[in-house]
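The values are calculated or read from the model by the stated rules, or taken from the named source; none is laboratory data. Just so we're clear, the structure is a prediction, and the values are computed from it rather than from any experiment. We place every Cβ from the backbone using ideal geometry, glycine too, and count neighbours over all the protein chains shown.
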Amino acid sequence: MLDYSEPVARLIDEFKRLPGVGNKSAQRLAFYIMRRPSAEVDNFIDSLREVKEKIIFCTTCNNLTDVDPCLYCSNPKRDRGVICIVEEPYNLVAIEKTRSFRGLYHILHGSLSPIRGVGPDELMLPNLLTRLMPENNEGVEIREIIIATNPTTEGEATANYIARLLKPLGVRCTRIAMGMPVGSDLEYVDEVTMDKALSNRHEI
């Protein structure tokens, strides 16, 4: 790196800690911040501090929230008999955009990955098991657990682990379908995606 003054170099180093931010992007962000008015920078700093001080994990589903339970878990219009398991909070947002799922969620905050040293104990799973008991779910019995982990090696391993964990409990577990994305071209689809698309075909 060029010989920037210490405050600038430190800011660049902090930006480089962010996921997906390399050296050049960190430098651009740092210089962007330096060009902004002090009031804007103060607002940015305040928003970072507020997130750290006010955001907590929902004790029911592990969602990031400023109220406990979160807005989804406390919504009486949600179907308490169906729980969709996702890896991260932003996966929940993606599902909500469809406006077709009206059940509850459970966020794992990760996926199984021996390479990264992430095992079952690192996932937020224990409170899922307690939710399966009707007395902990406003008297409602869970009809279905939808496993919506990512279609990656880690996501598949996580889905299989959860399915094996829940099977002895007699809970119906389903996995989201995977295959051809809408708007894609067969020419550019890899063999794994094509195999999933063929396996998950349905009658029309």
Filter result for GLU187 (among the charged types (D, E, K, R), assigned by TED's automatic domain parsing to the domain that holds LEU92 and part of a helix (DSSP H, G or I)): no
Contacts under 9 angstrom Cβ, first residue in segment 38-57 being farther than 27 Å from PRO69 by Cβ, partner aliphatic (A, V, I, L, M), 6 or more apart: GLU40/ILE33; VAL41/ILE33; VAL41/MET34; PHE44/ILE33
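Yes/no per residue for (1) modelled with pLDDT of 95 or more; (2) assigned to a helix (DSSP H, G or I); (3) within 26 Å of LEU166 (Cα to Cα):
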{"residue": "ILE12", "(1), (2), (3)": "yes, yes, no"}
{"residue": "VAL21", "(1), (2), (3)": "yes, no, no"}
{"residue": "THR60", "(1), (2), (3)": "yes, no, yes"}
{"residue": "SER74", "(1), (2), (3)": "yes, no, yes"}
{"residue": "ARG80", "(1), (2), (3)": "yes, no, yes"}
{"residue": "TYR105", "(1), (2), (3)": "yes, no, yes"}
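Here is a check on your reading of the model: is GLU154 more than 19 Å from ASP79 (Cβ to Cβ) and assigned to a loop (DSSP other than H, G, I, E, B)?
Values: more than 19 Å from ASP79 (Cβ to Cβ): yes; assigned to a loop (DSSP other than H, G, I, E, B): no.
No: the conditions fail for GLU154.
Only one of THR153, THR174 is at pLDDT 90 or above, surrounded by 12 or more Cβ atoms within 10 Å (Cβ to Cβ), within 20 Å of the chain's Cα centre (by Cα) and of a type in the set (S, T, N, Q). Can you tell me which?
On the way: THR153 fails: at pLDDT 90 or above.
Answer to the selection: THR174.
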So LEU71, is it surrounded by 12 or more Cβ atoms within 10 Å (Cβ to Cβ), touching a residue at least 24 places away in the same chain (Cβ under 8 Å) and not basic (Lys, Arg): no
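Of the residues that make up segment 18-29, is at least one within 24 Å of TYR105 (Cβ to Cβ), out of contact with any helix residue (DSSP H, G or I) (no Cβ under 9 Å at 6 or more places or on another chain) and of a type outside the set (Val, Ile, Thr)?
Filtering segment 18-29 for residues within 24 Å of TYR105 (Cβ to Cβ) gives 19.
Those left that are additionally out of contact with any helix residue (DSSP H, G or I) (no Cβ under 9 Å at 6 or more places or on another chain): 19.
Going one step further and asking which of them are of a type outside the set (Val, Ile, Thr), we end up with 19.
Scanning segment 18-29, I find at least one residue that is within 24 Å of TYR105 (Cβ to Cβ), out of contact with any helix residue (DSSP H, G or I) (no Cβ under 9 Å at 6 or more places or on another chain) and of a type outside the set (Val, Ile, Thr), so the answer is yes.
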